[in-house]
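This report refers to the structure that appears directly beneath it.
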Protein chains: 4
Amino acid sequence: MTSQPETTARLLVTCPDRPGIVSAVTTFLYHHGVNITELDQHSSDPSGGKFFLRLEFQTPDLDVSGEALKRAFGEVVGQRFEMDWRINFAADKPRMAILVSKHDHALMELLWRYARGELRVEIPLVISNHPDLRAAVEGFGVPFKHIAFSAETQQAAEAEMLAALDGQCDFVVLARYMRILSGEFVKYYTSRIVNIHHSFLPAFPGGDPYQQAYTHGVKLIGATAHYVTAELDQGPIIEQDTARVSHRHSVDDLKRLGRDMERQVLARAVRWHVEDRIIVYGNKTVVFS
Amino acid sequence: MTSQPETTARLLVTCPDRPGIVSAVTTFLYHHGVNITELDQHSSDPSGGKFFLRLEFQTPDLDVSGEALKRAFGEVVGQRFEMDWRINFAADKPRMAILVSKHDHALMELLWRYARGELRVEIPLVISNHPDLRAAVEGFGVPFKHIAFSAETQQAAEAEMLAALDGQCDFVVLARYMRILSGEFVKYYTSRIVNIHHSFLPAFPGGDPYQQAYTHGVKLIGATAHYVTAELDQGPIIEQDTARVSHRHSVDDLKRLGRDMERQVLARAVRWHVEDRIIVYGNKTVVFS
Amino acid sequence: MTSQPETTARLLVTCPDRPGIVSAVTTFLYHHGVNITELDQHSSDPSGGKFFLRLEFQTPDLDVSGEALKRAFGEVVGQRFEMDWRINFAADKPRMAILVSKHDHALMELLWRYARGELRVEIPLVISNHPDLRAAVEGFGVPFKHIAFSAETQQAAEAEMLAALDGQCDFVVLARYMRILSGEFVKYYTSRIVNIHHSFLPAFPGGDPYQQAYTHGVKLIGATAHYVTAELDQGPIIEQDTARVSHRHSVDDLKRLGRDMERQVLARAVRWHVEDRIIVYGNKTVVFS
Amino acid sequence: MTSQPETTARLLVTCPDRPGIVSAVTTFLYHHGVNITELDQHSSDPSGGKFFLRLEFQTPDLDVSGEALKRAFGEVVGQRFEMDWRINFAADKPRMAILVSKHDHALMELLWRYARGELRVEIPLVISNHPDLRAAVEGFGVPFKHIAFSAETQQAAEAEMLAALDGQCDFVVLARYMRILSGEFVKYYTSRIVNIHHSFLPAFPGGDPYQQAYTHGVKLIGATAHYVTAELDQGPIIEQDTARVSHRHSVDDLKRLGRDMERQVLARAVRWHVEDRIIVYGNKTVVFS
């Protein structure tokens, strides 16, 4: 799974399934001097289904510019197979904005991995509806912006956030941001807002999921990373995990155990998003992890 | 965890929490020549909560009969602390009836563990609403009874089942029994019917949970063993587990992976029930596993 | 992952890594009317490493016979890229012989999955060094052969086993066969004998691994499925799993918990072998699961 | 599991097993106005084995001072049953020193949990054989000391470390400290040095365990927290965990995945040590988690 980030590129494809796609794609790339180092594909149904493809390839011997490769791919392969496709070059680090409230664990996990180079992103901005985490964020050399957010001020707050983010970020992570964003806001970042919800969705959506889990007496608690859509906690699931609990655990114990899981699940989801490993189709995801 | 089944006994207690309970119980048993080999306790809240206790003890030097021990315990300790309690002697194997439909995997897992002595029960009867599994069951030397069950015949079918079970069994296992039992039926075996549901409850109750899981695009599937109450798939949860799945898995793959989990989860729940490790309180369980 | 077994075929390739392989393979197959439904590849090192490829494809529109396809593939693609390759048609079920001693759990798991069609194999023969399991095996309609095996009779016993297996099976599973097979025997079935060892190898090779685990006070026990080589418990690992234990577990508890794990781990390994998902290279495996 | 730290105390007992111990202990405490909120016991063998007991109790109504309770317990109960015992009051936070080299992940995890109050300890000192992590440590308000350590200077370095630690700490955590401490050093902190080793011990002791794991082709990697003894990586195991890997993972991938596991495993082990949940006997541990 290791590769040289400077010369790594990735192609993501969604198209109607039919014979010959892989042959066409790989032959095209071969003729342009590219070496394929990862190839994953998936078909929702070989007859009449959707076809999904992810390629990771090395470009030291690429015979044209990156832009020319994209243009040629679209003309020679993309149109022929009616593809929805994109090519990203790993040298262009995606810019990730983070929204957070008061709980710092998910935020800190991301900043920490960023600081040690484990997460190949730029972080232009952290926005919070509370001022509390300013020092923690700025300590990583990351700008912090406090934008208050209440039921009454929601419209203005979202406008301010959109203005702050506009042109500054490629995707947004809700690292335990406890406000519900409007459908208006969400549509600006379709399939580009990653949220961590502290339950095993679709169980326990909405508020206070650890309390809900405690009341139900479940024997496992969960965490779910998903893309945000207009419907609360209903967007395409990226990653989930569970941890064992028992009658001995109080709600506070569940929160403590859950924090560790939230950090891991969110970190994996963000990593996959950054590495172009996720394709959304309908309300589900293909994750080439 | 090993002990001699012939001389092993277990005490289960639920009572209001207050100081002195463990002292009173253990001193009583000590004075009767009993050696305690396992002791688990739990308090829902040290001030004004419920107290739960499970003791496993060895009786080779018991100074009175088992019945006399029970009588004395009730008089000396049980009444004083307003206990709901019971003492079981492991030499008296509980009698387990199994209800099953067509899927055989959960049934076979139980019969198999029974056959190799891993599950210390008697199995007086397997009842099915289909005749298909007769040979498989009788091959283990276990009686099989076919009782048809449809919406129209439910009342008569349940009456026939109750008659067949009456006085023959201590608890009932629904090993993928695909009919919904009436509240009437269930009340005869309160906290004594163990069901395996093929989802991570409370997600995906009711029919076709693997199809539901597939449609939702979850990244983990689950299985849940619980006691049956009048409300479908809402009874106290005993045990749960999850298994990782991905976009590559079809509904049939989920069923296949799920079968393995169902077998394991149900086997653990039944084992704990048989070993008196479960106390039901409200709609939750204390499991001293 | 679902497909029609009658028209499913699989190609496995190992060759020196260099550009153009996937393009050549998929273009060849496309021109013969084949539809690729799964494609996995792996490179040990993009510059000068080994390249591994597994393709699953559907053959209803294949334009030549299966044999002709193989011949053409070898000539057109295989030789050009110096491939070690094979094509298997799923309609040809592999023949699996099982060797077992007295513990029946791993054997029963395989027979059970076979009986319900979950494992697409023929089972021509079960051989045991004890007569005990004859009835259990024959109950599944599978032939059973008792061949005694002691230090003194090893050579004769192995000769008798080889004679019984010769031409009858494609691979062999050691389902807790407690005798050590000679290097002589093993070389007849290189990379075709799957063993289940009841520890997390390389920890606790050899005899009595649960006792070793108990003595070491490990907090997890494990099971390992691997291909057998001349060196005891050192062959290429196919699959492993672990289960949590504590100071409360006796050696017998470890054995009980371990049995469940052994069954699962062996079943997965055998499934992958049957579905041509494993490539051995050096003393390791590539598993396209 | 929740309790008021200010009034929580814990009793740990190891003694020869015989009837009457729990009765004597709980009756003693009851008579002193103590309310027991957790009780765990374990017997290595009911006849002639060792008995282990952990009690957590609340002292708001304690009728004597803490010191008087200890004295009385020793005289009334401890001597009678030949107990090795201790009583700790949670209000007295244990003092934890940390030794670290260059890898910061395990250290940061501990400092972070400390900073948010999840780990009830004082941290008087972090010692490193490299100067690199000074700023990171001091940022948490924790003193940092650089003590160089090489084969030639080992004796002096250990003397300097012992002097710095003397009287300042109750236990020591090796958070990826890459030097091997001498038996001389270790004996000052018997059962009080917690190490995290980056493999599933006893597999892959010593140097470069991820490289060892990669070479062996294991399908799970592990991490082990254990008490340090004079024999390298052989001390009593406290906690272990494993994570799934495949042929796709390079050694660097194993290190990345392993870091997450090391952090979790070490954090759990330290928590249990701090909460007096671990009893060492022989080369094993009883963990009342």
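The values are calculated or read from the model by the stated rules, or taken from the named source; none is laboratory data. In this text, all values refer to a predicted model and were calculated from it rather than measured experimentally. Reconstructed Cβ throughout: ideal geometry from the backbone, glycine too, with neighbour counts over all protein chains shown.
Being touching a Leu at 6+ places or on another chain (Cβ under 9 Å) and small (G, A, S) narrows it down to one of C:A135, C:A151, C:A156, C:A164, so name that one.
C:A164
Every residue, every condition in (1) closer than 30 Å to C:T215 by Cβ; (2) of a type outside the set (A, V, I, L, M), yes or no:
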| site | (1), (2) |
| --- | --- |
| C:D170 | no, yes |
| C:R176 | yes, yes |
| C:I180 | yes, no |
| C:I193 | yes, no |
| C:F200 | yes, yes |
| C:F204 | yes, yes |
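Can you work out which of the residues in the range D:73-94 that are in contact (Cβ under 8 Å) with a residue 40 or more places away in the chain and among the acidic types (D, E) is farthest from D:T8 (Cα to Cα)?
D:E82
For the range C:169-200, which positions are among the aromatic types (F, W, Y) and surrounded by fewer than 18 Cβ atoms within 10 Å (Cβ to Cβ)?
Passing the criteria: only C:Y188.
Working only within the range A:43-54, note down all residues that are more than 14 Å from A:D84 (Cβ to Cβ) and either buried (at least 18 other Cβ atoms within 10 Å of the Cβ) or at the interface with chain C (Cβ under 9 Å from one of its Cβ atoms) (or both).
Residues satisfying the conditions are A:S43, A:P46, A:S47.
Output the residues belonging to the range D:31-42 that are touching a strand residue (DSSP E or B) at 6+ places or on another chain (Cβ under 7 Å) and either more than 7 Å from chain B (Cβ to nearest Cβ) or surrounded by fewer than 19 Cβ atoms within 10 Å (Cβ to Cβ) (or both).
Answer for the range D:31-42, where residues must be touching a strand residue (DSSP E or B) at 6+ places or on another chain (Cβ under 7 Å) and either more than 7 Å from chain B (Cβ to nearest Cβ) or surrounded by fewer than 19 Cβ atoms within 10 Å (Cβ to Cβ) (or both): D:V34, D:E38, D:D40, D:H42.
For the condition aromatic (F, W, Y), touching a residue at least 24 places away in the same chain (Cβ under 8 Å) and either surrounded by 21 or more Cβ atoms within 10 Å (Cβ to Cβ) or assigned to a loop (DSSP other than H, G, I, E, B) (or both), what is the one hit in C:F28, C:F57? Full working, then the answer.
On the way: C:F28 fails: either surrounded by 21 or more Cβ atoms within 10 Å (Cβ to Cβ) or assigned to a loop (DSSP other than H, G, I, E, B) (or both).
Going through C:F28, C:F57 in turn, the sole match is C:F57.
Residue check: is B:A97 buried (at least 17 other Cβ atoms within 10 Å of the Cβ), in contact (Cβ under 8 Å) with a residue 40 or more places away in the chain and either part of a loop (DSSP other than H, G, I, E, B) or touching a Leu at 6+ places or on another chain (Cβ under 7 Å) (or both)?
When the stated conditions are applied, B:A97 passes them.
Hey, B:Q79 hits all of (1) within 30 Å of B:A24 (Cα to Cα); (2) assigned by TED's automatic domain parsing to the domain that holds B:V280; (3) not hydrophobic (A, V, I, L, M, F, W, C) but one; which does it fall short on?
That leaves (2) as the condition not met.
Out of curiosity, is B:I180 part of a loop (DSSP other than H, G, I, E, B) and either assigned by TED's automatic domain parsing to the domain that holds B:I278 or closer than 30 Å to C:R263 by Cα (or both)?
When the stated conditions are applied, B:I180 passes them.
Just to be sure before I move on: is A:L119 modelled with pLDDT of 95 or more, assigned by TED's automatic domain parsing to the domain that holds A:Y227, surrounded by 13 or more Cβ atoms within 10 Å (Cβ to Cβ) and assigned to a loop (DSSP other than H, G, I, E, B) in the structure I sent?
yes
Hey, can you tell me all the residues within the range D:148-168 that are farther than 13 Å from D:I98 by Cβ and buried (at least 18 other Cβ atoms within 10 Å of the Cβ)? So that I can check it myself, show each step before the final result.
Here is the first cut: in the range D:148-168, the residues farther than 13 Å from D:I98 by Cβ are D:148-160, D:162-163, D:166-167.
Scanning the range D:148-168 gives D:F149, D:A157, D:E158.
Looking at (1) within 22 Å of D:G235 (Cβ to Cβ); (2) in contact with a Pro (Cβ under 8 Å, 6 or more places away or on another chain), which is the one condition that is false for C:V245?
(2)
Is there a residue in the range A:137-147 that is part of a loop (DSSP other than H, G, I, E, B), within 30 Å of B:L266 (Cβ to Cβ) and among the aromatic types (F, W, Y)?
no
Show the residue pairs that are 6+ apart or on different chains and have beta-carbon atoms under 6 Å apart, the first residue being within the range B:254-269 and charged (D, E, K, R), the second being not in a helix (DSSP H, G or I).
Between residues of the range B:254-269 that are charged (D, E, K, R) and residues that are not in a helix (DSSP H, G or I), the close pairs are B:E262/B:I196; B:E262/B:H198; B:E262/B:A223; B:R268/B:E239.
How many of the residues making up the range A:1-25 are more than 22 Å from the chain's Cα centre (by Cα) and assigned to a strand (DSSP E or B)?
The total comes to 1.
For the list (1) within 30 Å of D:V265 (Cα to Cα); (2) polar (S, T, N, Q); (3) not assigned by TED's automatic domain parsing to the domain that holds D:D260, I need the number of the one condition that D:S101 fails.
Of (1) within 30 Å of D:V265 (Cα to Cα); (2) polar (S, T, N, Q); (3) not assigned by TED's automatic domain parsing to the domain that holds D:D260, only one is false for D:S101: (3).
Find the residue count for the range B:193-225, including only residues that are touching a residue at least 40 places away in the same chain (Cβ under 8 Å), within 11 Å of chain A (Cβ to nearest Cβ) and outside any loop (DSSP other than H, G, I, E, B).
Counting residues in the range B:193-225 that are touching a residue at least 40 places away in the same chain (Cβ under 8 Å), within 11 Å of chain A (Cβ to nearest Cβ) and outside any loop (DSSP other than H, G, I, E, B) gives 6.
Given (1) under 30 Å from D:F51 (Cα atoms); (2) of a type in the set (A, V, I, L, M, F, W, C); (3) over 22 Å from the mean Cα position of the chain (by Cα); (4) at pLDDT 95 or above, identify the lone condition not met by B:L53.
B:L53 satisfies every listed condition except (3).
Looking at the range C:89-116, which of its residues are in contact with a Lys or Arg (Cβ under 9 Å, 6 or more places away or on another chain) and closer than 18 Å to C:G167 by Cα?
C:K93, C:P94, C:L99
Just a yes or no: is a residue in the range C:204-216 within 22 Å of the chain's Cα centre (by Cα) and among the β-branched types (V, I, T)?
No, the conditions are met nowhere in the range C:204-216.
Each row is one residue, and each column tells you yes or no for (1) in a helix (DSSP H, G or I); (2) in contact with a Phe, Trp or Tyr (Cβ under 8 Å, 6 or more places away or on another chain); (3) charged (D, E, K, R); (4) free of Cβ contacts under 8 Å to residues at least 12 places away in the same chain.
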{"position": "C:T229", "(1), (2), (3), (4)": "no, no, no, no"}
{"position": "C:L232", "(1), (2), (3), (4)": "no, no, no, no"}
{"position": "C:I238", "(1), (2), (3), (4)": "no, yes, no, no"}
{"position": "C:T242", "(1), (2), (3), (4)": "no, yes, no, no"}
{"position": "C:R248", "(1), (2), (3), (4)": "no, no, yes, yes"}
{"position": "C:D252", "(1), (2), (3), (4)": "yes, no, yes, yes"}
{"position": "C:R271", "(1), (2), (3), (4)": "yes, no, yes, no"}
{"position": "C:I279", "(1), (2), (3), (4)": "no, yes, no, no"}
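Can you tell me how many residues within the range C:230-289 are at the interface with another protein chain (Cβ under 8 Å from one of its Cβ atoms), among the β-branched types (V, I, T) and under 19 Å from the mean Cα position of the chain (by Cα)?
So the count comes out to 5.
Of all residues in the range C:7-25, which are buried (at least 20 other Cβ atoms within 10 Å of the Cβ), at the interface with another protein chain (Cβ under 9 Å from one of its Cβ atoms) and either touching an Asp or Glu at 6+ places or on another chain (Cβ under 9 Å) or among the β-branched types (V, I, T) (or both)?
The answer is C:D17, C:I21, C:V22, C:V25.
With respect to D:E160, is the statement that it is among the acidic types (D, E), farther than 30 Å from C:F288 by Cβ and part of a loop (DSSP other than H, G, I, E, B) true?
Working: among the acidic types (D, E): yes; farther than 30 Å from C:F288 by Cβ: yes; part of a loop (DSSP other than H, G, I, E, B): no.
So D:E160 fails the test.
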